[in-house]
Amino acid sequence: MQMLISSPSAFGPSVVRRFWFSIASTSLVRVYALAASLMSVMITARWLGPGGQGIVAAATTWASLFASLGSLSLGQVAIHRATERRNEAWLGETLGTLMALAAVISIGCWSASFVLFKVTSGKIFTHLAPRTIVLAFVLVPFVVWEFYGSNLLMAVDKVEVYNKAQLVGRSIGLALMVVCWRLQLSADAAIVIAVISQAAVSILGMRQLFAEAAKAVRARMVVAKELLVGGLKLHMNAVGSFVFIWLAILLVNQFRGPVQTGLYQFASSLLNVLLVIPTAASLVLSARVAKDGPLHAWAYHRRVLIYLTMVMIAVGAIAAVAAPVAIRIVVGPKYDPAVPLFQLLLFSLVGQTFAGIMGSQWIGRGLFWQMSALTIFTSSVHAAMSFLWIPRYGMYGAVYASLVTSGLAIIGNGTFALICESQFRQFMREREDLAMSGDIA
C-alpha cells in the first residue's frame, strides 16, 4: 500500500497549475492543428464543392477504416504496458516491436482491400475510381503509425513532441491545399495532400522515441504476443469507435451520394474542432496515468471531467448561435444545409467529452474487456439506427443515431466515473488511517 502513497505536495497547487497549463498549451497547439485541418476542409469545399468533398471524405474514410481495424489498438495497449513497467526500461522493445507489427499490418490491409475490390468488382467502393482508392490507401501505414507513435509519446510524457508534429504536418497540408486550389486540380490531388500531411505527422516523432529508447530498439516476439493479447481484448473498442465515427459517412455516401456525404462530413469536421479541448485534456491525462498510475491520476481526472463538461456546454451554445452566419461567410450559401446538421450534432458534445476524458482511466486500469463491451453496445445501437435511418432520412439519420449513442456514452462513462471516485475516496481514507497510525510520514 505504501507504494501508492503520495507526498502531501503531490496534489498541491503548483502541480495542479502545471497540469492545467499543460492542458492549455496542448489545447492551443491542437487548436491550430485542427484549425488548419478545418481550413483545408473549407478550401476543399470551395474548390471541389460538396460532391468532390464527398469523394475525398469517402476515400480517406475507407483508408482510415482499414488502418483503424488493422491497428488492433496496440498503441493503447502499449500505454498500459508503460503504466505497469514505468520503473523498467520498456520503451526500446515496445517501439521496435510496434514498428515491425505496423509493417505487417499495413501489408495485410493493402492485401485485404485488393481482395475486397476484386470480389465485389469494385462495387463496395461506391462512387470511387480505382485510382482514387489506391491513392487513399497510401495513407494506411502512416495512420497506423500515428496510432502507435502518439501513444508512445504520451507514455513517455512527450505530448509536446506529438503536438509539434501535428503543427508541422497540418501546416504542410494547408499550404499544399491552397496551391492545388489555385491550380484547380482534381479530388485526387486533395487525397495526395492528405497522404503527405499524415506522413509528416506520423514520422516527425520518431527521432524523439529513438532518443528516449537510448539505442535499445529491437523487436521481440514475447512483446508482440503480449501486445496482441491485450489488443484482442481492447480492439473491439476501436471497432466500435469506427462505427460511431466513420460508418455514417460510408452509409450516407452509399445511399445518398457524394453531395450529402460532403455536407455531413463538413458538419462533423466543425464538431471535431470544438472537441479540441477534451482531446487535449485526454492526451495530457493519458501521460499522467502512464506516469503516476490511474488511482493517483483520478485527482486530476475528476476535476477535468466536471470543468470541461461545463465549458463544452457553453461552447456548444455559442457555436449554435454563430453557425448560420459563420458557415455562410466562410464557405458560402451552398453549405447552408450543413447548418442544422451541425446544430443538432452539438448535442453530442457532452457524450463525446465524457468518452474522451474517461478513456485513459479504462486503459490505465487494464479494463480492456469492460471498455470494449461498453463501446460494442453503444456502437451496435448506433449501427442499427444508422442502417435503419440513413436510407430513410439521409444525412439527418446519421445525426439522430449519433445523438442517441452519445447519450448512452454519458450513462456508461458516468457510471464508471462514479466507480473511480468511490475507489479514490477509499484510497484516501486508507491513506489517512496510515498517516494517523504513523506508518507514513
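Laid out as a table, the results:
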item: Cα-based Rg / Dmax (Å) for the stretch 229-364; result: 17.3, 51
item: Violating pairs (Cα-Cα greater than 32 angstrom) within the set K225/K291; K233/K291; K118/K215; result: K118/K215
item: The stretch 202-234-the stretch 112-130 distance, computed between alpha-carbon centres (Å); result: 33
item: Cα pair distances in the stretch 36-104, grouped into 10 Å bins until the bin that holds the longest one, percent each; result: 17, 30, 21, 21, 10, 1
item: Whole-Å semi-axes of the ellipsoid equivalent to the stretch 375-414 (Cα gyration tensor, √5λ, descending); result: 20, 10, 5
item: Helix-only [θ]222 nm of the chain, DSSP H runs n ≥ 4, -39500 (n - 2.57) each, per residue, nearest 500; result: -30000 deg cm²/dmol
item: Average projection area in nm² (convex hull over Cα atoms of the stretch 2-437, one quarter of hull surface); result: 20.5
item: Percentage of interatomic Cα-Cα distances in the stretch 128-253 larger than 22 Å; result: 52
item: Between the stretch 372-426 and the stretch 47-66, the Cα center-to-center distance that results, in Å; result: 25
item: Local net charge near R207, Cβ-Cβ under 14 Å (Lys/Arg +1, Asp/Glu -1); result: +1
item: Student exercise, the chain dipole from Lys, Arg, Asp, Glu Cβ charges, in Debye to nearest 20; result: 600
item: Relative packing of peptides 125-138, 145-158 - highest average C-beta neighbours within 10 Å first; result: 145-158, 125-138
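Bear in mind that the values in this text are calculations on the coordinates, not laboratory data. This one's a predicted model, so the numbers in the text were calculated from it and none came from an experiment. Positions of Cβ are backbone-derived with ideal geometry, glycine not excepted, and every protein chain shown enters the neighbour counts.
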